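Input: a single structure, listed below in structure tokens.
Read the figures in this text as sums done on the coordinates, not as results from a lab. Bear in mind that the values here come from a model prediction, so they are computed numbers and not experimental data. When we count neighbours, we look across all protein chains shown, and the Cβ atoms used for this are built from the backbone with ideal geometry, even at glycine.
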Amino acid sequence: MGVKPFARIPSVNDTSDAAAEVQAQVLRAMPASRKVALVEDANRTGRRLALAGIGLRFPNASQEERLRLLMDIVLGADLAERVYGPRTPPSGR
């Protein structure tokens, strides 16, 4: 049984086939723990960027209000409300 080919996103064409193959080889050789760490880092970065965007849109919101708005993004408004209760409007815009 052969190894499945590395899936490439068809709409992304800024990487040559040779470079994509090198990326695939590096990922295949990488320990699972390192892959998990990379995903965790990407998630952490994404949340920081989302919080920064929320801060720009609601500069007077408290940290608690910003985190609650982030949960609306991460979980979706319905689940965030079930988990954290109704959201109060953020302080100022």
**Asked** Can you give the net charge of the other residues whose Cβ lies under 13 Å from the Cβ of Arg48, counting K and R as +1 and D and E as -1?
**Response** +1
**Item:** Values of log10 I(q)/I(0), in the order q = 0.17 Å⁻¹, for the range 44-93 under a Debye, Cα-only, solvent-free model
**Value:** -0.45
